[in-house]
1. Got a sec? How would T315, T264 order by Cβ neighbour count within 10 Å, fewest to most?
2. What is the list of residues in segment 168-191 whose amide nitrogen lies under 11 Å from a point 7 angstrom out from the Cα of V205, following Cα to Cβ?
3. Please compute the length gained on full extension between E226 and H324, using 0.36 nm multiplied by the number of residues separating them and subtracting their Cα-Cα distance.
4. In sequence order, what are the phi-derived ³J(HN,Hα) couplings for segment 171-180 according to the Karplus relation 6.51 cos²θ - 1.76 cosθ + 1.60 with θ = phi - 60°, rounded to whole Hz, with x for glycine and proline?
5. Order 170-183, 214-227 from most to least packed using the mean count of other Cβ atoms within 10 Å.
6. Say a paramagnetic label sat at a point 7 Å from the Cα of V331, along Cα to Cβ; which residues of segment 267-289 have their backbone N under 19 Å from it?
7. Once phi is turned into θ = phi - 60°, what whole-Hz ³J(HN,Hα) does the Karplus curve with 6.51, -1.76 and 1.60 give for every residue of segment 250-258, x standing for Gly and Pro?
8. Using r as the Cβ-Cβ distance of Q118 and T239, and R0 as 25 Å, what FRET efficiency do you calculate, to the nearest 0.05?
Amino acid sequence: MIKPMKTIWHMSKLMILFGLMILLASACQPSGNVTTTDGADGDQGSTLELTLGTGPFFLADGRVGLADLSSYTATLVRSFDGSLSGEPQQWTETYVMRRDNETAASQMTIDTSGDNPQDPIFVAEIGENGYTISGTNDCLAESVETEISSIERIDPAGLLSVLLGADEAGQEDIGGVLADHYTFDERALGLFEMAESTGEIWVAVDGGHVLKYVLTTAGEADAFGEGIEGTLTWDYALTEISNTVLPALPEGCQLNVPLLADATNVLHTPYWLAYATTVSVAEAASFYQEQLPGFGWTLQTGPFAADANTFMEFTQGDQTIGVHISMGEAVTEVNIVLYSAGE
């Protein structure tokens with residue numbers, strides 16, 4: 001799929017550097033044309049003239065304030081209608097992110113339509129467990145590093161272009177939340193003389209998070225890339241604030257077995273569940289003997305207990321799982337492995 005906004009996106013991120021430079025040099029100066037030089041005395045070297053929006057509002061990162069919410073749903077619909085090398089080109093991308101900050105869990109779906117549609121994508125992260133489904137492929141589960149979360153890189157709020165100088169337009173109620181309303185054009189996007197843009201943004205008075213962001217940009221090759229011209233629209237909304245409930249993961253993303261309530265250091269994939277618990281080995285073994293039948297598993301062999309270790313096998317149809325529970329240095333360690341399945 002052709003993504004003409006890619007050029008705009010990278011350019012907008014670069015504008016953050018100019019915004020910081022301007023704010024540091026003169027935090028209260030009026031918006032408009034700003035001239036800087038790279039000569040030591042201010043009269044030598046090349047000159048850069050930067051055109052900003054005319055208002056006082058700057059947005060450096062669309063994700064501002066989201067970490068302070070207990071949960072939310074962020075939706076971004078991005079559509080293009082125009083042409084590529086003279087041929088009609090139309091597409092729509094829809095990103096839906098559901099986030100629960102209290103449990104450090106996120107789920108995102110990405111769907112496309114129009115010319116050159118891509119397979120739908122599902123991405124989820126729960127603690128240190130990551131899950132991905134592309135099209136009709138099986139769920140891919142893997143351990144992830146929360147510091148370099150892949151889902152955060154495609155967060156809809158993070159895809160919003162930075163703004164340099166949006167104009168005040170009063171206050172409004174957006175979904176029961178009082179918001180400051182701003183308007184802007186191509187100058188606030190760093191697209192002066194490259195495209196024509198009109199946009200609006202609503203920002204929560206309490207919390208500073210973006211509640212709604214709409215943008216329409218019409219341009220040609222200078223804005224979108226060689227051979228591309230048309231109109232790109234963005235429609236972003238933050239909803240279900242502190243009221244988002246993440247649905248269960250799709251079937252096949254996790255082994256169909258329960259966890260003890262105090263489970264920590266959880267690794268949960270379609271073939272393996274591993275975690276630590278504070279209950280004793282005997283208590284954990286009793287839990288699985290009592291609970292697994294309710295998940296469709298039948299005790300086949302065991303339990304075999306020796307030296308603070310317990311092992312059991314359960315079957316369900318042509319599948320077999322081994323449940324190994326052992327005493328670690330300070331906690332009980334549970335490992336459940338699916339080690340055979342029918343072809």
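Read-outs throughout are calculated quantities, based only on the coordinates presented, and are distinct from any laboratory measurement. Owing to the predicted nature of the structure, the values given are computational and were not obtained by experimental measurement. Positions of Cβ are generated from backbone atoms using ideal geometry, with glycine treated the same way; all protein chains shown enter the neighbour counts.
1. Listing T315, T264 from fewest to most nearby Cβ atoms yields T264, T315.
2. 171-174, 177-181
3. 29.3 nm
4. Here the 3J(HN,Hα) series is 10, 9, 8, 10, x, x, 10, 5, 9, 7 Hz.
5. The peptides rank, most packed first, as 214-227, 170-183.
6. Residues passing the 19 Å test: 267-269, 272-288.
7. Here the 3J(HN,Hα) series is x, 4, x, 8, 9, 4, 7, 9, x Hz.
8. 0.50
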